[in-house]
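**Q** The structure follows.
No lab work stands behind these numbers, since they all come straight from the coordinates. Since this is a predicted model, take the numbers as computed values, not measurements. Ideal geometry is used to build each Cβ from the backbone, glycine not excepted, and the neighbour counts take in all protein chains shown.
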Amino acid sequence: MIPTRLTAALGIERPVLLAPMDKVADARLASAVSAAGGLGLLGGGYCDREWLDEQLASVSRRVGCGFITWCLARNPELLDVALDHDPAAVFLSFGDPMPFADRIHEAGVPLLCQVCTVEEARRALAAGARVLVAQGGEAGGHGTGTRSTLTLVPELADLLAARSPDTLLVASGGVADGRGLAAALCLGADGVVMGSRFWASTEAAVSAAAQRRALASSGDDTVRQSVYDIVRAADWPSHYTGRVLRNDFVRQWHGHEQKLREDLPRLQEVFKNAKDNDDYSIGNVIVGEAIGLIDELEPVEAIIDRVVREASSILVST
């Protein structure tokens with residue numbers, strides 16, 4: 001047990017949250033994290049109502065729900081679907097949370113806002129966020145990639161101490177073991193979000209071929225890029241990039257995005273076929289730098305038990 005302000009505020013036993021990874025963080029994975037004492041968050045990033053209804057109806061524990069904010073703006077009824085199920089939290093990332101904040105507050109649900117910069121943190125505070133999630137560029141998937149977890153977390157801790165001491169802080173990006181949890185707490189965070197570590201769990205909705213490829217990689221094998229947004233026609237704002245495993249497709253097209261666009265219909269078909277056939281020399285594997293800290297697939301409960309045990313040992317000895 002590592003009691004923090006986060007565990008008290010969210011009614012959980014361990015200060016560990018599941019990153020709401022799009023479709024990977026489904027009912028099974030989110031429920032497993034909550035059952036192990038953390039907080040599971042469904043990954044509603046690009047989801048439709050059918051998927052969200054199905055997942056919310058399938059959870060075996062109380063979980064939260066995460067959304068990509070600019071996607072939610074295009075399909076705002078998804079927030080109502082989530083709120084109708086009394087989620088443990090709503091986690092918003094990548095965009096302005098203000099248009100959704102009042103509905104979340106009125107429902108009595110904690111609002112967690114993931115931020116990549118100090119300016120984004122200020123906007124989240126203005127929206128009444130209960131928890132700021134400080135995402136460093138080490139993280140897998142999307143972000144601005146402009147700050148590291150090591151410096152962003154303490155800077156935001158200082159900001160909150162001065163301006164909003166009751167607002168909680170969670171570290172995200174590069175955390176995959178007890179060392180990361182202990183470090184985050186020492187930097188002023190109240191807990192952590194983990195993505196890649198849970199992506200490499202037995203409960204994750206991830207292709208076994210993708211997991212095998214990732215476990216054979218190091219953090220050096222990841223890169224921030226936009227080629228997959230182009231080939232998937234994912235209309236991400238230009239200041240966001242996504243960290244993935246470097247592969248043949250990335251090597252060919254990263255830095256040559258205009259040429260990719262010129263041959264887009266053909267390459268979209270190539271990408272689709274690769275995904276359908278588990279060909280990850282072309283298909284995207286979305287993990288962060290922390291993949292280099294992960295050697296094997298494990299059940300969620302074992303992961304959380306070990307992370308908390310390691311962190312407790314480190315904190316007691318310091």
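**Q** Of all residues in region 159-214, count the ones that are part of a loop (DSSP other than H, G, I, E, B) and surrounded by 19 or more Cβ atoms within 10 Å (Cβ to Cβ).
**A** Of the residues in region 159-214, 13 are part of a loop (DSSP other than H, G, I, E, B) and surrounded by 19 or more Cβ atoms within 10 Å (Cβ to Cβ).
**Q** Kindly indicate the residue of region 90-115 that is under 15 Å from the mean Cα position of the chain (by Cα) and in a loop (DSSP other than H, G, I, E, B) and also farthest from SER31 (Cα to Cα) among those meeting that condition.
**A** Filtering first and then ranking leaves GLY95.
**Q** Would you check which residues across region 114-129 are among the charged types (D, E, K, R) and buried (at least 18 other Cβ atoms within 10 Å of the Cβ) and list them?
**A** Correct list: GLU120 only.
**Q** On the given criteria, is THR149 among the polar types (S, T, N, Q) and surrounded by 23 or more Cβ atoms within 10 Å (Cβ to Cβ)?
**A** yes
**Q** I'm checking my understanding of the structure. Among residues of region 41-56 that are under 14 Å from the mean Cα position of the chain (by Cα) and crowded, with 20+ Cβ neighbours inside 10 Å, which one is farthest from LYS23 (Cα to Cα)?
**A** First, the residues of region 41-56 that are under 14 Å from the mean Cα position of the chain (by Cα): 41-46.
Retained after the next criterion (residues that are crowded, with 20+ Cβ neighbours inside 10 Å): 41-45.
Details: LEU41: 11, LEU42: 8, GLY43: 5, GLY44: 7, GLY45: 8 Å.
Among them, the one singled out is LEU41.
**Q** Please go through (1) over 12 Å from PRO87 (Cβ atoms); (2) surrounded by fewer than 24 Cβ atoms within 10 Å (Cβ to Cβ) for VAL59 and return the number of the only condition it doesn't satisfy.
**A** It fails just one condition, (1).
**Q** List pairs: first in region 183-198 and within 23 Å of ASP158 (Cα to Cα) and in contact (Cβ under 8 Å) with a residue 40 or more places away in the chain, second surrounded by 24 or more Cβ atoms within 10 Å (Cβ to Cβ) and small (Gly, Ala, Ser), Cβ under 6 Å, 6+ apart or cross-chain?
**A** Pairs found: ALA189/ALA171; VAL192/ALA171; VAL192/ALA184; VAL193/ALA19; VAL193/SER172.
**Q** Tally up the residues in region 51-89 that are out of contact with any Lys or Arg (no Cβ under 7 Å at 6 or more places or on another chain), β-branched (Val, Ile, Thr) and either under 20 Å from VAL133 (Cα atoms) or assigned to a helix (DSSP H, G or I) (or both), please.
**A** Residues that pass the stated criteria total 3.
**Q** From the residues in region 65-81 that are touching a residue at least 40 places away in the same chain (Cβ under 8 Å) and out of contact with any Pro (no Cβ under 6 Å at 6 or more places or on another chain), which one is surrounded by the most Cβ atoms within 10 Å (Cβ to Cβ)?
**A** Looking at residues that are touching a residue at least 40 places away in the same chain (Cβ under 8 Å) and out of contact with any Pro (no Cβ under 6 Å at 6 or more places or on another chain), I get PHE67.
Let's see how each residue does on (1) within 24 Å of ALA208 (Cβ to Cβ); (2) exposed (fewer than 14 other Cβ atoms within 10 Å of the Cβ); (3) free of Cβ contacts under 8 Å to residues at least 12 places away in the same chain:
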| site | (1), (2), (3) |
| --- | --- |
| PRO265 | no, yes, yes |
| ASP276 | yes, yes, yes |
| VAL285 | yes, no, no |
| ASP295 | yes, yes, no |
| PRO299 | yes, yes, no |
| ILE303 | yes, no, no |
| VAL307 | yes, no, no |
| GLU310 | no, no, no |
| SER317 | no, yes, yes |
